Amino acid sequence: MTAAALVLEHDQDAPAGLLGAWARSRDVALEVVPAGGALPDPDGRPFVVSLGAEASAFDDTVPWLAAERALLDRAVQVGVPVLGICFGGQHLARVLGGSVERAPRGEVGWLDVESLAPDVVPPGPWLQWHRDRFTVPPGAELLARSPVGPQAFRQGPHLGVQFHPEVTPAIALDWGRTYPESVGEGLTTLDEVQRGGVAHAAGAAERAFLLFDAFLASARSQSRMSAQPLG
């Protein structure tokens, strides 16, 4: 039996969302580690996903950050593919030698990104909700960008994205109600977040599934190469 992929959840209001729906449709088993839960060894897992968080990935005073860093370091060391989403993408960037910093301005709402690799990051509006940004790690490939900074990178089987492919319109609306200060920092309104969710729900789900499919294909390719005998 294939082990379940690990999904690291940091906040109760930032669940797997569309990632869970995609996994069920692809018969991919997920083990969601809730916020504060014990972190399993990633070795032998098909992949690891690190979700978003209200915390900053450059803030080493966050109590659980070091434990997750150790897990991601271990995953990279043993060749387990990692998908990092928003905070998770920033944390992955640090693990791979990049850095994280405060962005010149926040990005909030359903916004277009410039895709340099449409087969991995389909063009179209993606849900953004961040005040920090990552740099592309050394040797990684920039896949997408926006005026604020890099939006996606790939290094080997690892994929980091700044936007939120997993977020449904309902999750985005809940964030808007819970974090009104973030909506203001992003120079948008709750009504615009809600209208964007209605307008882009179907397309966003389709794009998210394509992105997750591309990551899974890369992860499985890595697994096949690792299984090949030497010589």
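The values are calculated or read from the model by the stated rules, or taken from the named source; none is laboratory data. Everything quoted here is computed from the prediction, not taken from an experiment. Methodologically, a virtual Cβ is constructed for each residue, glycine included, from the backbone with ideal geometry; neighbour enumeration extends over all protein chains shown.
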Among (1) surrounded by fewer than 17 Cβ atoms within 10 Å (Cβ to Cβ); (2) over 20 Å from P63 (Cα atoms); (3) hydrophobic (A, V, I, L, M, F, W, C); (4) out of contact with any Asp or Glu (no Cβ under 7 Å at 6 or more places or on another chain), the one test that A38 misses: (2)
First in segment 54-66 and touching a residue at least 40 places away in the same chain (Cβ under 8 Å), second anywhere and of a type in the set (K, R) and not in a loop (DSSP other than H, G, I, E, B), Cβ under 7 Å, 6 or more apart: A57/R94
Some residue of segment 79-89 being of a type outside the set (K, R), assigned to a helix (DSSP H, G or I) and farther than 19 Å from E166 by Cβ: no
Cβ pairs under 6 Å, 6+ apart, first in segment 21-43 and on the phi > 0 side of the Ramachandran plot, second surrounded by 13 or more Cβ atoms within 10 Å (Cβ to Cβ) and not charged (D, E, K, R): none
Residue in segment 117-146 that is surrounded by the most Cβ atoms within 10 Å (Cβ to Cβ), counting only those that are more than 24 Å from A201 (Cα to Cα) and small (G, A, S): A140
Pick from segment 147-184, criterion out of contact with any Asp or Glu (no Cβ under 8 Å at 6 or more places or on another chain) and surrounded by fewer than 15 Cβ atoms within 10 Å (Cβ to Cβ), ranking: farthest from E101 (Cα to Cα): A170
Residues (more than 14 Å from G97 (Cα to Cα) and in a loop (DSSP other than H, G, I, E, B)) located in segment 123-146: P123, G124
Answer residue from segment 55-75, given it is touching a helix residue (DSSP H, G or I) at 6+ places or on another chain (Cβ under 7 Å) and surrounded by 20 or more Cβ atoms within 10 Å (Cβ to Cβ) and is nearest to A217 (Cα to Cα) among those: L72
Residue ID - nearest to L111 (Cα to Cα), chosen from residues in segment 174-193 that are of a type in the set (D, E, K, R) and modelled with pLDDT of 90 or more: E192
Residues (more than 22 Å from R133 (Cα to Cα), charged (D, E, K, R) and assigned to a loop (DSSP other than H, G, I, E, B)) located in segment 1-56: R26, D27, D41, D43, R45
